[in-house]
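One structure is given here, and the rest of the page talks about it.
The values are calculated or read from the model by the stated rules, or taken from the named source; none is laboratory data. Only a predicted model underlies this, so the values are computations on that prediction, with no experimental measurement involved. Cβ placement follows ideal geometry from the backbone for every residue including glycine, while neighbour counts extend to all protein chains displayed.
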Amino acid sequence: MAILVTGGTGYIGSHTVVELLKNNKEVVIVDNLSNSSKDIVDKIEQITGKKCKFYEVDIRDAEDLIKVFNENEIDSVIHFAGLKAVGESVYKPLEYYDNNVIGTIKLLEVMKASGCKKLVFSSSATVYGDPGTPKYTEELGRGKASSPYGATKITIEEILENLYASDNTWTISMLRYFNPIGAHESGIIGENPNGIPNNLMPYIQKVATGELKELSIFGDDYDTKDGTCIRDYIHVVDLALGHIKALEKLEKPGIYVYNLGTGKGHSVLEIVKTFEKVNNIKLNYKIAPRRAGDLAEFFADPSKAKKELGWEAKKGIEEMCRDSWNFAKNAK
Ligand code: NAD
Ligand code: UDP
């Protein structure tokens with residue numbers, strides 16, 4: 001039996017495939033390569049010494065997806081495929097709804113037709129909106145989306161709940177990620193977006209390599225310990241391991257939701273200083289105005305994942321910063 005990983009050549013997907021292969025699982029990847037490249041498949045093999053099948057397929061193309069299901073014995077799906085740039089989604093809402101929402105519906109239709117009813121879905125802490133408390137517990141429920149990207153995640157969670165309500169033989173796990181950073185310890189895979197990055201760590205990486213001149217820290221006048229925003233940064237390998245645990249839980253039908261974060265908040269300045277210290281590098285940065293839509297502080301309450309999945313994040317920001325640079329200095 002194989003596990004289908006949509007978006008498996010992407011940042012989180014590739015790290016998850018590595019952990020699946022290490023656990024002797026059979027893996028089939030589908031990815032349209034819109035934000036990744038095929039050489040990731042070779043890199044996964046280089047790390048694990050194991051092979052996985054790869055199909056260059058867009059999940060919105062039902063015919064291609066059906067072929068993948070017909071050619072493989074797929075019993076569960078981890079669904080990463082989607083567009084993820086918050087800022088871009090404001091300018092391209094239709095593309096985001098089409099790719100993320102329609103893409104997921106097509107995937108679910110094909111799964112249903114194939115009798116495969118086990119799914120792990122990549123959701124996000126953004127579904128909480130602005131709940132008025134920095135510690136996000138699953139009981140808070142979904143809030144109001146602050147971007148079309150966030151709206152697609154909220155909509156997909158609702159679709160999955162509706163689907164389960166209509167047929168409770170499905171087993172669905174919705175994983176709400178906090179801020180994934182870091183890279184595989186080998187330095188072979190990591191996050192290397194094209195163009196100018198939006199997210200903090202890829203931006204820091206490009207300042208460190210000299211590709212970008214200076215990091216702008218968006219605001220130092222927040223009501224936080226040093227005035228900069230606080231987030232819950234989680235090592236991508238810890239996040240990948242959360243998927244392995246969530247898959248194990250798919251034995252029993254139901255719909256589950258889990259925060260995947262460390263439970264610890266770190267400020268932008270702490271990340272910058274830690275990156276400098278562990279890598280012995282000086283980063284050029286300046287304080288810039290606040291970025292529209294940013295919340296001052298939020299972090300996960302990860303206790304539900306610990307209690308029910310037996311999962312907890314192990315790696316701290318030192319390892320995250322060291323592994324990010326170990327990857328970025330080679331990827332330049
Ligand atoms: P990524 O862009 O690196 O990976 C996504 C992969 O999906 C890419 O390889 C891309 O080519 C592929 N893809 C996109 N649309 C597709 C389609 N229609 N058909 C087939 N493949 C398609 O992103 P990531 O950081 O690995 O994120 C993975 C998932 O996790 C996304 O759904 C994202 O929204 C979610 N997520 C990410 C973060 C984060 O900070 N990275 C946080 C919360 C949630
Ligand atoms: N940030 C920053 N400069 C950048 C990118 C991000 O100061 O060039 C800050 C941003 O304001 C936020 C934190 O870093 O407080 C994390 O931002 P990111 O976009 O990585 O993730 P988000 O939490 O917004 O999804």
### Query
Restricting the first residue to segment 39-64 and requiring it to be over 16 Å from L4 (Cβ atoms) and modelled with pLDDT of 95 or more, which pairs with a second residue that is of a type in the set (D, E, K, R) and assigned to a loop (DSSP other than H, G, I, E, B) meet a Cβ separation below 6 Å and a spacing of at least six or different chains?
E45/K51
### Task
Hey, can you tell me all the residues within segment 83-130 that are surrounded by 15 or more Cβ atoms within 10 Å (Cβ to Cβ) and among the acidic types (D, E)?
E88
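Among the residues of segment 205-215, which ones are surrounded by fewer than 18 Cβ atoms within 10 Å (Cβ to Cβ) and within 19 Å of E191 (Cβ to Cβ)?
Narrowing segment 205-215 to residues surrounded by fewer than 18 Cβ atoms within 10 Å (Cβ to Cβ): 209-214.
Listed by number, the residues that qualify are T209, G210, E211, L212.
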### Query
Applying the selection to segment 175-211, what residues are out of contact with any helix residue (DSSP H, G or I) (no Cβ under 7 Å at 6 or more places or on another chain) and in a helix (DSSP H, G or I)?
P202, Y203, K206, V207
### Task
For segment 220-332, please list each of the helices (runs of 4 or more DSSP H) lying entirely inside it that holds at least 1 residues being of a type in the set (V, I, T) and surrounded by 21 or more Cβ atoms within 10 Å (Cβ to Cβ).
236-249, 268-279, 317-331
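Within segment 31-78, take every residue that is in contact with a Gly (Cβ under 7 Å, 6 or more places away or on another chain) and under 22 Å from G190 (Cβ atoms) and give me the one that is surrounded by the fewest Cβ atoms within 10 Å (Cβ to Cβ). Break it down stepwise before answering.
Keep residues of segment 31-78 that are in contact with a Gly (Cβ under 7 Å, 6 or more places away or on another chain), which gives 31, 35-36, 59-60.
Retained after the next criterion (residues that are under 22 Å from G190 (Cβ atoms)): 31, 35-36.
Values: D31: 27, N35: 17, S36: 20.
Result: N35.
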### Query
(1) surrounded by fewer than 22 Cβ atoms within 10 Å (Cβ to Cβ); (2) within 15 Å of ligand 2 (Cβ to nearest atom): which one isn't true of Y149, the others all being true?
(1)
### Task
Filter segment 166-204 down to residues that are surrounded by fewer than 23 Cβ atoms within 10 Å (Cβ to Cβ), under 16 Å from the mean Cα position of the chain (by Cα) and hydroxyl-bearing (S, T, Y), then give me how many there are.
1
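Kindly establish whether D58 is within 11 Å of ligand 1 (Cβ to nearest atom) and more than 21 Å from the chain's Cα centre (by Cα). Working first, answer last.
Values: within 11 Å of ligand 1 (Cβ to nearest atom): yes; more than 21 Å from the chain's Cα centre (by Cα): no.
Criteria not met by D58.
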#### Entry: Residue under evaluation L250, criteria (1) within 16 Å of ligand 1 (Cβ to nearest atom); (2) at pLDDT below 95; (3) of a type outside the set (K, R), criterion not met
(1)
